[in-house]
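So the structure is just underneath, and the comments pick up after that.
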Amino acid sequence: MKAPVRVAVTGAAGQIGYSLLFRIAAGDMLGPDQPVILQLVEIPPAMDAVQGVVMELEDCAFPLLHGLHATDKAEEGFKDADYILLVGAKPRGPGMERKDLLEANAAIFSAQGKAINDVASRSVRVLAVGNPANTNALIAQHNAPDIDPGQFTAMTRLDHNRALAQLANRTGSHVTDIRQMTVWGNHSATQYPDISHATVKGQAASELVDRAWLEETFIPTVQQRGAAIIKARGQSSAASAASAAIDHMRDWTLGTPDDDWVSMAITSDGSYGISEGLIYSFPVRCRNGHYEIVQGLTIDDFSRERMRATEQELNEERDAVKHLLP
Ligand code: NAX
């Protein structure tokens, strides 16, 4: 059995937290031989609720759970953390403009970035789930100058998994038959789920579906899936978001299969002409705990236009919080 690692989760008393923490403690994220110490971070009004989650985690008697602590102080919760899942965020309130939302979250994620810089493990892996996820990751990253910027990522894995499910349904196949799906850009309605390079049982996906379905059904369905779930459930997606967070961290840490890749929002290095420094979703392969952008993919005009549109939105988000970036 390995030595325990520390996993910090913010928003631990929220919906996603309630699905996520139990799976981390069960070993779904880091494997059945990796004990974990969970460090839960909440805000003061949610500390009673988080104690309930702590009691339930204890009551599961998970063999891999080697420690458990809840706090309303990020500096305490992130101490020596090897993995940090930034789930807690301020939701959009009535009458709130997009800019207000960006600013409210910028305040949270800049403070958390500073805390990560001050107390987390130097090799910490950070995943921003709380929205606007890409820009929140960017803000945390800019506030943590002593941590490698590449250690800050945002979650588009839920979008990736949604795209797999839609394509599998349409082609009468199983998600495990599909390889090389890509989601480009922002975790928002401008994201571009791209099947250009995907295969289903080894056959090009683009040959199995018609263009009209792709443009009029597939892309909008994946882009709008979050809204469809809110409409149906009365609450935003939580278990699927938690599952995607588990997938993101697991693949980053333990690797992707040789014949496949996953989508992760990471710092752009200028690949595919995307503005350097943006946290943008790319196809990546992971090995030995590191990710690499898949290079050399052919991008047609249709894809290029959509990749640019979502890049444009991320540039606008970055501009809106520029005054808050150190
Ligand atoms: P909830 O409102 O159920 O829970 C959020 C929790 O975060 C609350 O318990 C709150 O007290 C806590 N919190 C707020 N500010 C905090 C802070 N500064 N420090 C620590 N905790 C804090 O939301 P939930 O449904 O769990 O969603 C969490 C976030 O994930 C939201 O921002 C949501 O928009 C985002 N999502 C992101 C997705 C993605 O794919 N990237 C998909 C699912 C989800 O919509």
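The values are calculated or read from the model by the stated rules, or taken from the named source; none is laboratory data. Everything quoted here is computed from the prediction, not taken from an experiment. Here Cβ is always computed from backbone atoms with ideal geometry, including for glycine, and neighbour counts include all displayed protein chains.
Summary table
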read-out: Subset tally (residues that are within 20 Å of residue 291 (Cβ to Cβ) and over 12 Å from the mean Cα position of the chain (by Cα)) for the stretch 81-112; value: 3
read-out: In the stretch 114-141, residue nearest to the ligand (Cβ to nearest atom) [restricted to those that are in a helix (DSSP H, G or I) and surrounded by fewer than 21 Cβ atoms within 10 Å (Cβ to Cβ)]; value: 114
read-out: Scope the stretch 28-49; condition within 16 Å of the ligand (Cβ to nearest atom) and either without any contact (Cβ under 8 Å) to a residue 12 or more places away in the chain or surrounded by fewer than 18 Cβ atoms within 10 Å (Cβ to Cβ) (or both); matching residues; value: 43, 44, 45, 47, 48, 49
read-out: Count of residues meeting criterion [within 14 Å of the ligand (Cβ to nearest atom) and in a loop (DSSP other than H, G, I, E, B)] in the stretch 168-189; value: 4
read-out: Filter pass, residue 154 being touching a Leu at 6+ places or on another chain (Cβ under 8 Å) and within 12 Å of the ligand (Cβ to nearest atom); value: yes
read-out: Checking residue 149 against (1) closer than 25 Å to residue 289 by Cβ; (2) in the same structural domain as residue 302 (by the TED database), the condition it does not meet; value: (2)
read-out: Residue list for the stretch 1-27, restricted to those being among the small types (Gly, Ala, Ser), within 14 Å of the ligand (Cβ to nearest atom) and either surrounded by fewer than 18 Cβ atoms within 10 Å (Cβ to Cβ) or outside any strand (DSSP E or B) (or both); value: 11, 12, 13, 14, 17, 19
read-out: Hits in the stretch 256-284 - residues which are more than 21 Å from residue 143 (Cβ to Cβ), in contact with a strand residue (DSSP E or B) (Cβ under 9 Å, 6 or more places away or on another chain) and of a type outside the set (A, V, I, L, M, F, W, C); value: 256, 257, 258, 259, 260, 263, 271, 272, 281, 283
read-out: Answer from 227, 165 - the residue that is within 11 Å of the ligand (Cβ to nearest atom) and either under 24 Å from the mean Cα position of the chain (by Cα) or not assigned by the TED database to the domain that holds residue 284 (or both); value: 227
read-out: Hits in the stretch 77-112 - residues which are more than 12 Å from the ligand (Cβ to nearest atom), at pLDDT 95 or above and surrounded by 15 or more Cβ atoms within 10 Å (Cβ to Cβ); value: 79, 81, 82, 83
read-out: Positions within the stretch 234-252 being over 12 Å from the mean Cα position of the chain (by Cα) and within 15 Å of residue 14 (Cβ to Cβ), in sequence order; value: 235, 236, 237, 238, 239
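Condition check ((1) in contact (Cβ under 8 Å) with a residue 24 or more places away in the chain; (2) among the hydrophobic types (A, V, I, L, M, F, W, C); (3) part of a strand (DSSP E or B)) across all residues:
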site: 263; (1), (2), (3): yes, no, yes
site: 295; (1), (2), (3): yes, no, no
site: 309; (1), (2), (3): yes, yes, no
site: 323; (1), (2), (3): no, no, no
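The rows are residues; the columns are (1) among the small types (Gly, Ala, Ser); (2) within 18 Å of residue 184 (Cα to Cα); (3) away from the ligand (no atom under 12 Å from the Cβ).
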site	(1), (2), (3)
202	yes, no, yes
209	no, no, yes
217	no, yes, yes
222	no, yes, no
239	yes, no, no
246	no, no, yes
254	no, no, yes
258	no, no, yes
274	no, yes, yes
